[in-house]
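Below you'll find the structure, written out as structure tokens, and then a few comments.
The values are calculated or read from the model by the stated rules, or taken from the named source; none is laboratory data. Note that this is a predicted model, so its numbers are computed, not measured. Here Cβ is always computed from backbone atoms with ideal geometry, including for glycine, and neighbour counts include all displayed protein chains. We work out accessible area using only protein heavy atoms, side chains counted, and drop any ligands, DNA or RNA first. Shrake-Rupley method; radii C 1.70, N 1.55, O 1.52, S 1.80 Å.
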Amino acid sequence: MIWLMDIARFIFQPLYWLAGKIFSLWARPTVQPESPPELYADGEGEICYVLETGGLADVLALERACAKHGLPSPRESFEFCGKRFSKRLVVLRPRKGFLFRRPATGGSRRLRSLVDAGEGSSEDLQLIPVAIYWGRSPDREDSTFKLFFSENWDVAGRTRKFFATLLHGRNTLMWFSHALPLNSIIQEKLTADIAFRKVSRILRVHFRKRRTATVGPDLSNRRRLARLVALSPNVRRAIESEAGDDPKKLAAAERKAQKYVMEIAADISWPTIRIAVRILRRLWNQIYDGIELGHTERLREVAKEKVVVYVPCHRSHFDYLLLSYICYEQSVQLPHIAAGINLNMPVVGPILRRGGAFFLRRSFRGNRLYAAVFDAYLNQLLTRGYTIEYFVEGGRSRTGRLLSPKGGMLAMTVGSYIQNPRRPIVFVPVYFGYEKLIEGGAFLSELSGAKKEKESLLGLIRSVKSLRENFGRVYVNIGEPIELDSVLDGIQPDWRKLPSGNGERPTWLNDVVATLGDEIMGGINAAAAVTPISLLAYVLLATPKQKIGAAELRAQLQLSLDLLRQFEYSDSVTIPDWSPDEIIAHGEELQAISRTSHPMGDVIHMSEPTAVLLTYFRNNILHLLAVPASVACCFIQGRELPLAELQRLVRLIYPFMRKELCLKWSEEEIDAITKEAVNALVEQELLVRHKRRKTLERPRAGSAKAYQLLMLGQAMVPMLQRFYLVIAMLVQHGPGTLTRARLERMCELSAERLSMIYGLHSPDFFNKTLFHDFIRKLQDQEVLRRNEDGLLEFDEDILGIGTDARLVLGEQVRHSILSLTVPEDQVDE
């Protein structure tokens, strides 16, 4: 028998060598992690590689990777527990047959031999799972034909594997995992059969999880998923409630439920996704100078064991395309994306559905059956481990600030989890930072009162024309993950013991959703990307006419960069490593700013239409320096201020700042944060601290430092003007005379007139949502109350706020606000 093996080795060894040479010329898999030996530096004992399905191509690829990284060859022999093994390789799911391949019964013989040898021995063996995905590496795909031989959940036969190797040799991902010590698995007193089955099961689960994290769950059963949704208890209750005892109505309700499922459900197609990736790669290269990614290591960390829910800010229709593209490039599971039913338009809708979109109506009100079907569909996605993406803001921000979180999708996610907490859920905030928006003009029109245009195929075609412009860079930062279990434990520690499954949501769920929404918004802001354009907007929009000398602009840009690093909002915030001159040159290249030469020094400026558009990008980063800017505001009208008084003023306005800008600090922390901001300003020589008198003083008027402090403070002045305007309107009309809706409308009209006279005529300043949130916050603070007639009541304490405003607002602006009157016929409630 041994001599037959020697003859076989003599015949096949040269053929194997030749195949290896040919393979090495063509196949070059991408290896993850980049340095596999570091995973096994601390391990003891021999190592043995485990492949899921094996095959010549997989073995050759593994051998090449091992040789490159200094690991033992999978084909060399080794000794374990006194027994010699011919290869360091186990194939977990071997197949037999020459022409017609089928799974071998009994599992891997070599793995069984290793388990038998290790039984009762103290010698250890490191099993190293190695997953190989042909056609799944983030690389170029030059042919649509190749896409049909890329990695999925099917076990490839020899023909398919041959084409996959041939077509995707340089587009392959090889993933080395942490070693599994054999002794730690079989150390219990188990029989040989049970020990073998245990090791096999652990390896199968590992490969399944790795494939799910890389390729995504098995998507071949959409119609079965639809049937499961229709059979869920909540859906059955809704069907029976709608049909009553009428058999015909029951059948009609069941058909309606199936129709709802097919309207909602995604229909992921890997060929469609890979074709889309090719198109998107070309699109990004055409319109962007690059995509800057931050903290992407968090994507891989959370995708291993938990259900991931991506919760990005919503700034553009490109958001979900970008995130899916990045997930593909980073070799993590693509998300199922919640999309508005308005995007389910001809041509575009089916493509989005095949790319992972599932559609939902804007409102579920009055349709209990639809709500039950959607809830059940979401529950199936979560319990099966699908990654999900949705925008908690509901719609795209028109101002650049984060919108208040909407609780609908969050409530359904949390409700689904507490009923069936099989897989832990983690929310991952994602920040998108653009330097130019395709929708910028439309946003401004809508803020100015124009009707929102309905999405249509014709509108999409029209927007394609703008893709010829240069849109600069796009920045994508991954925020700190938020564990749902931690939020639930903090609000309802015994939630696991409470009864569930009756279809009713507990009353404490609202508190969980509110807390979760605030944490997500805070997480997005904490992962902000400061872009060159947002910095230019931040500085130039603080000038009266959006004009500034080049030297002064350089100094203010440098100050902003220094403050962002010194007064660090979060370690997840990314700041460009650019000089002020590079930032200015970039702004000129994107036509965001212009330069006029002058013998005494160049002047940098922007046109009014451009300035109005750039308020969006200033608002993206306004929160990062909100506290230092608020401190600077307090020195606009006065030169000296006690620290305690400064803290009182900031404490007074902070609840409203926090609401408008989604700031992360609590009201109890703000005094300490104000001190940190003061220290940063003192360090930059913008304030002088007098320790004996416990006062702060700004530099003398006319000095460069005083000018810089004034410029910094101007960033927060518009918010304070709105604040004072609301108070002035209340005082002018007196308590018990205005409804909230009427007050909001009066403030909106007054702010619009102010911006026309004194500043930039930007819809951002008189945005009605800002007044709505501000007045709502006054009610939450119990500064305002509604009486039985729905009219707003307040106490005389509100008059003191007007006195404080004199420290910040100029006399001319205050006089204009106090003298404003709005004709009754122009106020619509």
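Tell me whether the range 252-262 contains one or more residues that are of a type in the set (Ser, Thr, Tyr), crowded, with 19+ Cβ neighbours inside 10 Å and in contact (Cβ under 8 Å) with a residue 60 or more places away in the chain.
Checked the range 252-262: at least one residue is of a type in the set (Ser, Thr, Tyr), crowded, with 19+ Cβ neighbours inside 10 Å and in contact (Cβ under 8 Å) with a residue 60 or more places away in the chain.
With respect to residue 331, determine if the residue is open to solvent by 20 Å² or more (accessible area, probe 1.4 Å), in a loop (DSSP other than H, G, I, E, B) and more than 15 Å from residue 390 (Cα to Cα). The answer is no for residue 331. Only one of the numbered conditions (1) loosely packed, with under 13 Cβ neighbours inside 10 Å; (2) within 23 Å of residue 753 (Cβ to Cβ); (3) within 41 Å of the chain's Cα centre (by Cα); (4) modelled with pLDDT of 70 or more is not met by residue 828, and that is (4).
The set of residues in the range 561-603 that are under 21 Å from residue 472 (Cα atoms) and open to solvent by less than 30 Å² (accessible area, probe 1.4 Å) comprises 561, 573, 576, 580, 583, 584, 586, 587, 590, 592, 593. Here 734, 702, 759 are screened, and the one residue that is at pLDDT 85 or above and small (Gly, Ala, Ser) is 734. Of the residues making up the range 389-438, just one is on the phi > 0 side of the Ramachandran plot and open to solvent by 30 Å² or more (accessible area, probe 1.4 Å), namely 394. Taken as a whole, the range 111-121 holds at least one residue that is modelled with pLDDT of 85 or more and charged (D, E, K, R). In the range 648-667, the residues that are on the phi > 0 side of the Ramachandran plot form Cβ pairs under 6 Å with partners that are part of a helix (DSSP H, G or I) and polar (S, T, N, Q), at six or more places apart or across chains, as follows: 662/525. Inside the range 295-315, residues that are surrounded by fewer than 21 Cβ atoms within 10 Å (Cβ to Cβ) and assigned to a loop (DSSP other than H, G, I, E, B) make up a count of 6.
Given the structure, is residue 95 touching a residue at least 40 places away in the same chain (Cβ under 8 Å), of a type in the set (D, E, K, R) and open to solvent by 30 Å² or more (accessible area, probe 1.4 Å)?
On the way: touching a residue at least 40 places away in the same chain (Cβ under 8 Å): yes; of a type in the set (D, E, K, R): yes; open to solvent by 30 Å² or more (accessible area, probe 1.4 Å): yes.
So residue 95 fits the description; yes.
Does the range 128-146 contain at least one residue that is assigned to a loop (DSSP other than H, G, I, E, B), more than 30 Å from residue 278 (Cα to Cα), modelled with pLDDT of 75 or more and in contact with a strand residue (DSSP E or B) (Cβ under 7 Å, 6 or more places away or on another chain)? No, that holds for no residue.
Restricting attention to the range 467-487, the residues that are in contact with a strand residue (DSSP E or B) (Cβ under 7 Å, 6 or more places away or on another chain) and open to solvent by 20 Å² or more (accessible area, probe 1.4 Å) add up to 4.
I want to confirm something. Restricting to the range 60-84 and keeping residues that are within 24 Å of residue 121 (Cβ to Cβ), free of Cβ contacts under 8 Å to residues at least 24 places away in the same chain and touching a Lys or Arg at 6+ places or on another chain (Cβ under 7 Å), which single residue is least open to solvent (accessible area, probe 1.4 Å)? Ranking the qualifying residues of the range 60-84, first place goes to 77.
Residue pairs whose Cβ atoms lie under 9 Å apart, separated by 6 or more positions or on different chains, with the first residue in the range 530-544 and over 13 Å from residue 588 (Cα atoms) and assigned to a loop (DSSP other than H, G, I, E, B) and the second at pLDDT below 95 and of a type in the set (Lys, Arg), are 531/473; 541/618; 542/618.
Among the residues of the range 266-294, count how many are polar (S, T, N, Q) and buried (at least 16 other Cβ atoms within 10 Å of the Cβ). Don't jump to the end; show me each part of the working.
Applying the first criterion (polar (S, T, N, Q)) to the range 266-294 yields 269, 272, 285-286.
Narrowing the set further to residues that are buried (at least 16 other Cβ atoms within 10 Å of the Cβ) leaves 269, 272.
Looking only at that region, the number is 2.
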